[in-house]
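Everything below concerns the one structure shown next.
The values are calculated or read from the model by the stated rules, or taken from the named source; none is laboratory data. In this text, all values refer to a predicted model and were calculated from it rather than measured experimentally. When we count neighbours, we look across all protein chains shown, and the Cβ atoms used for this are built from the backbone with ideal geometry, even at glycine.
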Amino acid sequence: QLQQQQQRVAQRLLVVANRLPVSAIRDGDGWDLKLSAGGLVSALLGVKQNFETRWIGWAGVNVPDEEGRASLTEALALKGCVPVFLDEDTVDQYYNGYCNNVLWPLFHYIGLPQEDRLAATRSMDSQFNAYKHANQLFAQVVFSQYQEGDVVWCHDYHLMCLPKFLKDLDSHMKVGWFLHTPFPSSEIYRTLPLRSELLKAVLTADLIGFHTYDYARHFVSACTRILGLEGTPEGVEDHGKLTRVSAFPIGIDPDRFIQALETDQVKLHIKELRRFFAGRKVMLGVDRLDMIKGIPQKLLAFEMFLEKHPEWQENVLLVQIAVPTRTDVPEYQRLTSQVHEIVGRINGRFGSVTFVPIHHLDRSLAFHELCALYASTDVVLVTSLRDGMNLVSYEYVACQNSKKTEGVLVLSEFSGAAQSLGAGALLVNPWNIREMCGAIEVALNMPENERKERQRHNFTHVTTHTAQAWADTFVSELNDTVVEAELRTLH
Ligand code: ADQ
């Protein structure tokens, strides 16, 4: 066992994701590297023990010159990162096009807006070619870093062809693939024109993981219905070759948040916020500004609440942090305008010279600011229309334990987190504005003992189902799967 443990400590983990955990910006002759906001980065920051981890991905910047590429590679190496360079056209077709305009809406049951639908269908073939080309570039970089015994962990819908390209380069490579979004019902998935090729490519991985059993089940159904393969309790079988498919619900690194709350910087910030909010209840929303997050629906529910409960006007406010993402995609630009318009209307209707009901920030927050907000607010509203998991709900729970009055988590039933934090949260259907308005009322009036009990339940979950445990379980299952497959071929 000790030997196994030592082996695991030494094991190298190549984490491959579309984006590196840092974004690079040119700064004169050098590079400014900024930590990026997002669920995958937050979760993988918690994976720091047990593996020697190396990140492989795109740094979010076009670097056409060889000199620039060399200096960026050097700067990133200091952070344990290896860049994949993508040119502007590939980024446009692969990332903005196929990933963000085709797979993302499809996997979240959103579909394309009517006016974009035909245009998207027409450009899908060339976008898919760019997608495959980008996946090939990732495969080459992974291969250049790979050493025998490494575990290669591919992440997300951007890299569905990567397992196949890696296995083409070395059939013995241990390859896992994890999807951070939902996998939709096979009835939705099968509308994708090139549905089979993606499924077949993913199936070359040794282990496939999802956040929930529902997503895993949807994937297995897609393989049986579209490819005619056999679904088994372990996964998908293709003429005797088994690909393991399972649920691995992600978590966060709760200690990072709990310890931050003990720092002077966060304590001071909490004090300032409490002074600023004094006498009022505060609700919080923290999302990437994305169509899946249900931000307009959340705002409409708050508007309805203020309308129906004049006694709460000027006594409750909503702090909505919305980090802009994918700003080049027209759908996201429309969403930004829509959100600004609703915020403006509500603030105009219910604000006064001395009071603003919605504090809306279009930017990323520093970690200490985020922790202080989580700790000092009374309710968090997570109203995603669909969400693979949703880590904001986990982070909020992690930051609520050190104060006397616990905050309430209002959580969409369409987030993966509803399956893990459902018992402690107030679950809502974000499509039902009236129901969300009712949940706001319940949350703001919830008696202390009930809040305590709900928080206790969720806190136990968040502190036991961590990002570290998630990664350990996935990688050890991947190792076991490969050993089992080798044993099967020997017999
Ligand atoms: P995301 O869609 O990015 O992740 P989520 O899981 O909520 O969604 O994570 C967002 C992360 O970004 C959180 O860690 C949060 O702290 C951070 N963040 C958000 N707004 C911020 C801001 N203004 N300033 C600073 N930080 C901010 C995807 C899937 C999710 C899945 C994760 C992980 O869409 O469903 O839970 O991957 O698998």
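Would the stretch 397-411 turn up any residue that is within 11 Å of the ligand (Cβ to nearest atom) and either surrounded by 14 or more Cβ atoms within 10 Å (Cβ to Cβ) or not in a helix (DSSP H, G or I) (or both)? Yes, there is a match, as at least one residue in the stretch 397-411 is within 11 Å of the ligand (Cβ to nearest atom) and either surrounded by 14 or more Cβ atoms within 10 Å (Cβ to Cβ) or not in a helix (DSSP H, G or I) (or both).
Residues of the stretch 179-208 that are more than 16 Å from the ligand (Cβ to nearest atom), assigned to a loop (DSSP other than H, G, I, E, B) and either modelled with pLDDT under 95 or among the aliphatic types (A, V, I, L, M) (or both): 190, 191, 192, 193, 194, 203, 205.
Across the stretch 465-489, what is the number of residues that are part of a helix (DSSP H, G or I) and in contact with a helix residue (DSSP H, G or I) (Cβ under 9 Å, 6 or more places away or on another chain)? Before you say what the answer is, go through the steps one by one.
Let us first name the residues in the stretch 465-489 that are part of a helix (DSSP H, G or I), namely 467-489.
Remaining after also requiring in contact with a helix residue (DSSP H, G or I) (Cβ under 9 Å, 6 or more places away or on another chain): 467, 470-472, 475-476, 479.
Total meeting the criteria: 7.
Residues in the stretch 278-290 that are surrounded by fewer than 22 Cβ atoms within 10 Å (Cβ to Cβ) and at pLDDT below 95: 278, 279, 288, 289. Where helices (runs of 4 or more DSSP H) fall wholly inside the stretch 209-325, no range has 3 or more residues that are hydrophobic (A, V, I, L, M, F, W, C) and touching a Gly at 6+ places or on another chain (Cβ under 6 Å).
Among the residues making up the stretch 335-377, those that are in contact (Cβ under 8 Å) with a residue 60 or more places away in the chain and crowded, with 20+ Cβ neighbours inside 10 Å are 370, 371, 372, 373, 374, 375, 376, 377.
Among the residues here, residue 460 qualifies as out of contact with any Asp or Glu (no Cβ under 6 Å at 6 or more places or on another chain), without any contact (Cβ under 8 Å) to a residue 12 or more places away in the chain and either farther than 30 Å from residue 150 by Cα or surrounded by fewer than 19 Cβ atoms within 10 Å (Cβ to Cβ) (or both). Would you point out the residue of the stretch 13-42, among those that are within 14 Å of the ligand (Cβ to nearest atom) and in contact with a Pro (Cβ under 8 Å, 6 or more places away or on another chain), that is modelled with the highest pLDDT? Applying the filter and picking the extreme gives 35. Residue 328 fulfils the conditions (1) out of contact with any Gly (no Cβ under 9 Å at 6 or more places or on another chain); (2) within 15 Å of the ligand (Cβ to nearest atom); (3) more than 21 Å from residue 438 (Cβ to Cβ); (4) not in a helix (DSSP H, G or I) except for a single criterion, (2).
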